[in-house]
Amino acid sequence: MTLDWPIRFERQVLAKPWGGGEQLRDFGVRVPTEPPTGEVWLVSDVPGRSSRITEGAGAGGTLQELLAQNRDAVLGPSEGPFPLLIKLLEIRGRLSLQVHPDAAAAQRNGDGPSGKFEAWSVLAATPGAWVTLGFDCDLSREEAKRLIETNSLRPRLNTFAPAPGESFAIPTGVVHAAGGGLLVLEVQETCDVTYRLYDWGAVGLDGKPRELHVEKGLAAATLTKRQRPAPLATRREPGVEVRAVVSQDMGPFVYEIARLAPGVAWKPGPPPWIAVGIDGEVEVGGSKLTPGDAILVPACAENARVSALRQSTCAVASPRLA
């Protein structure tokens, strides 16, 4: 069965106490000036927040409804929601020190069937921006809990200044945080579960401290020493440079950043996949994709390509389906 594609979605804008809005607007994404915008969901099938389709198959309905009617054509043989959640994050303040569970931990805690493996690509970073991924030494859970309770954990964090264009895979169990002025493209599993270990003394949009999940978070966390991740391999094709962010053997999805020369048509892996514009202008299935745009190419569109109308960069993410 064929479908009208590519498929576009209405953006969902979420206010967060650590958010901003200026970097998103500079990127071309319209968001309100108040309250601070922390997340813009480009593609989602999270229960209760399934993206509304604005163009292509199922227009006017949600991604959840489209899958209910045309699952094989969109996703191929599979079960459950669409397995990728794509977001833009603007982290102006401090993202809480947090960890995401794997599927076993989420199920054990009654937090749903799926874990949350994710990856970040830094689109913009102001001076003073930072990212934390794990610790600078091995810790026991007892020691980590003591450091959290005594506000002494910060010196033990593996924190560094990220550069625009840099990307990081964040497997389940990796403690992480960020702040200081970052615009990030996030690709993750369809799971909205976060365990906060520490919130820097901050408060939520309601002016009250946000809930922490220290016991669940530490039980789900990997408390071993980590270093700044090294870039993954880049492959080159005529007119195309493709940098891996999450490779085939790393996680539940494949995520790549492609730099395309003008006039080049690039064929990513087999669909379904989601393309997100980063800079320049590309075309997919006759539909233009500019920075901050996202489209879904369904499984039935086997010969889909990304064509660069000028020098361009785009992200492509595809789920690994059993």
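Structural remarks
- Subset tally (residues that are buried (at least 21 other Cβ atoms within 10 Å of the Cβ) and under 14 Å from Leu95 (Cα atoms)) for the stretch 158-170: 0
- Checking the stretch 66-81 against the condition returns no match, with no residue being more than 27 Å from Glu283 (Cβ to Cβ) and in contact with a Phe, Trp or Tyr (Cβ under 8 Å, 6 or more places away or on another chain).
- Considering residues of the stretch 207-248 that are among the acidic types (Asp, Glu) and farther than 22 Å from Leu157 by Cβ only, the residue surrounded by the most Cβ atoms within 10 Å (Cβ to Cβ): Glu241
- Comparison of Glu142, Glu90 shows that the only residue that is over 26 Å from Asp293 (Cα atoms), at pLDDT 95 or above and not aromatic (Phe, Trp, Tyr) is Glu142.
- Under the condition of being farther than 15 Å from Val240 by Cα and either surrounded by 22 or more Cβ atoms within 10 Å (Cβ to Cβ) or among the charged types (D, E, K, R) (or both), the residues counted in the stretch 302-317 number 2.
- Candidate set: the stretch 167-191, residues that are small (Gly, Ala, Ser) and assigned to a strand (DSSP E or B); chosen: the one farthest from the chain's Cα centre (by Cα): Gly179
- Check on Gly20, within 30 Å of Gly204 (Cα to Cα) and surrounded by fewer than 20 Cβ atoms within 10 Å (Cβ to Cβ): no
- In summary, strands (runs of 3 or more DSSP E) completely within the stretch 280-321 and bearing 3 or more residues that are under 25 Å from Met250 (Cβ atoms) occur at 294-297, 312-319.
- Residue check, Ser287 of a type in the set (Gly, Ala, Ser), without any contact (Cβ under 8 Å) to a residue 60 or more places away in the chain and not assigned by TED's automatic domain parsing to the domain that holds Ala104: no
- In a residue-by-residue description of the stretch 243-256, the property of being closer than 30 Å to Glu34 by Cα, of a type outside the set (Ser, Thr, Tyr) and outside the structural domain of Leu42 (by TED's automatic domain parsing) applies to no position.
- Breaking point among (1) touching a strand residue (DSSP E or B) at 6+ places or on another chain (Cβ under 6 Å); (2) assigned to a loop (DSSP other than H, G, I, E, B), for Arg235: (2)
- Tally, over the stretch 37-67, of residues that are under 19 Å from the mean Cα position of the chain (by Cα), surrounded by fewer than 20 Cβ atoms within 10 Å (Cβ to Cβ) and in a loop (DSSP other than H, G, I, E, B): 2
- Taking the criterion of being assigned to a strand (DSSP E or B) and either free of Cβ contacts under 8 Å to residues at least 40 places away in the same chain or at positive phi (or both), the residues of the stretch 238-278 that qualify are Val240, Glu241, Val242, Ala244, Gly277.
- Out of Gly181, Gly204, Gly173, sole residue that is over 27 Å from Pro270 (Cβ atoms), in contact (Cβ under 8 Å) with a residue 40 or more places away in the chain, assigned by TED's automatic domain parsing to the domain that holds Leu97 and surrounded by fewer than 17 Cβ atoms within 10 Å (Cβ to Cβ): Gly204
- Checking Pro6, Pro32 one by one, the residue that is buried (at least 20 other Cβ atoms within 10 Å of the Cβ), more than 19 Å from the chain's Cα centre (by Cα) and either farther than 22 Å from Asn303 by Cα or not basic (Lys, Arg) (or both) is Pro6 and no other.
- Subset of the stretch 93-115 [among the basic types (Lys, Arg) and either buried (at least 23 other Cβ atoms within 10 Å of the Cβ) or more than 20 Å from the chain's Cα centre (by Cα) (or both)]: Arg108
- Residue among Val254, Val297 that is of a type outside the set (D, E, K, R), crowded, with 22+ Cβ neighbours inside 10 Å and either farther than 19 Å from Ser44 by Cβ or touching a strand residue (DSSP E or B) at 6+ places or on another chain (Cβ under 8 Å) (or both): Val297
The values are calculated or read from the model by the stated rules, or taken from the named source; none is laboratory data. All values derive from a computational prediction rather than experimental measurement. Cβ coordinates were reconstructed from backbone atoms using ideal geometry, including for glycine residues, and neighbour counts include every protein chain displayed.
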